[in-house]
């Protein structure tokens with residue numbers, strides 16, 4: 001590095017320069033460790049990495065999409081996520097959030113690709129139209145395909161944000177007039193993290209970036225290329241309406257008495273039993289709510305081809321692993337009562353377990369700052 005070249009700040013240095021305190025920093029690392037599913041011992045590792053790691057250059061491309069992924073990200077419930085991790089520190093190019101436009105924006109992207117070849121992360125939002133030689137989506141005189149191939153060539157890894165980039169989403173629904181194609185079916189020689197959802201949860205997006213920064217590698221992925229930390233459990237498994245499902249209490253129509261009582265939405269098309277996501281545990285808008293809590297069934301938006309997987313408001317005829325779905329109409333009150341009692345017992349045991357776990361976290365959390373120092 002020449003004497004005239006400015007030293008690159010680490011994440012911690014940028015956080016402090018932007019007015020956050022050391023306590024804010026520690027809270028943020030604990031926040032991220034919790035979302036990633038790590039024990040409190042990992043907080044120190046994440047904190048140390050953010051203290052010593054220069055910013056990770058990121059190029060964020062936009063193709064066929066509605067920008068809901070960007071909107072979700074900038075509404076995460078911790079200010080350091082939006083203000084530091086991407087917006088002010090790492091984001092070298094994004095058509096949505098950067099101030100520059102036109103030739104200046106394209107020049108900034110090229111400068112990053114040249115300077116950090118083999119080091120930068122390419123984040124992609126949107127599917128790529130392959131039909132008619134890509135004329136449906138041209139940027140700076142190049143097709144989306146040309147832009148993607150050029151940006152991917154020097155990337156260390158690729159993150160496919162949202163269902164559009166991960167599986168094609170609504171653009172690729174039949175008859176798919178533009179030939180919309182997900183990123184992993186185009187770029188096959190680079191590591192790709194798929195972060196589906198329409199949109200994905202902002203904290204999930206931040207967690208993926210923080211994992212790469214803190215551990216210097218991609219998070220563990222499932223068979224579809226999704227981070228297991230956020231996509232290992234079904235929405236059904238963390239749904240607060242699950243006891244009603246087990247008890248055979250279902251909403252038949254959206255305005256019926258069962259709907260008013262908050263019963264299970266399975267019969268009106270909820271795809272929670274076959275959808276893997278963190279909606280019920282992390283939620284959106286500062287952890288306030290998610291679709292099921294708002295009274296609408298899960299669309300299954302984090303699963304491949306969800307637009308073509310049957311009508312949204314028709315229930316699944318069979319869900320592997322459970323017998324109740326096939327005969328939901330025939331569940332007797334006695335059986336329902338037994339299951340409900342078991343569910344209540346489970347809920348009590350779960351609550352007690354969580355209280356013990358919380359106490360343990362509080363006790364061990366007292367040593368976090370000592371570990372960081």
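Rule-based calculations on the coordinates, nothing more; no lab input. Computed from a predicted structure; not experimentally measured. Methodologically, a virtual Cβ is constructed for each residue, glycine included, from the backbone with ideal geometry; neighbour enumeration extends over all protein chains shown.
Packing, taken as the mean count of other beta carbons within 10 Å per residue, orders the peptides 121-129, 216-224, 29-37, 184-192 from highest to lowest as 121-129, 29-37, 184-192, 216-224. Which FRET efficiency value, to the nearest 0.05, is calculated for residue 103 and residue 260 with the Förster distance at 51 angstrom and r the Cβ-Cβ distance? Here the calculated transfer efficiency is 0.35. Quick one: pull the percentage of alpha-carbon pairs in the stretch 235-331 with a separation above 16 Å. Here the tail beyond 16 Å accounts for 53 percent of pairs. Across the alpha-carbon set of the stretch 160-298, the Rg to Rh ratio works out to 1.03, Rh being the Kirkwood radius. The antiparallel fraction among DSSP beta bridges confined to the stretch 11-231 stands at about 25%. Each peptide in 285-292, 309-316 receives the mean, over its residues, of other Cβ atoms within 10 Å, and ordering these scores from highest gives 285-292, 309-316. Translational diffusion of the stretch 197-279, estimated by Stokes-Einstein from the Kirkwood radius over alpha carbon pairs at 10 °C in a medium of 1.306 mPa s, is 109 µm² per second. Normalised by 2.2 N^0.38 Å, with N the number of residues, the alpha-carbon radius of gyration of the stretch 11-231 equals 1.00. The modelled label-to-label distance between residue 146 and residue 75, using points 7 Å beyond Cα along the C-beta direction, is 3.6 nm.
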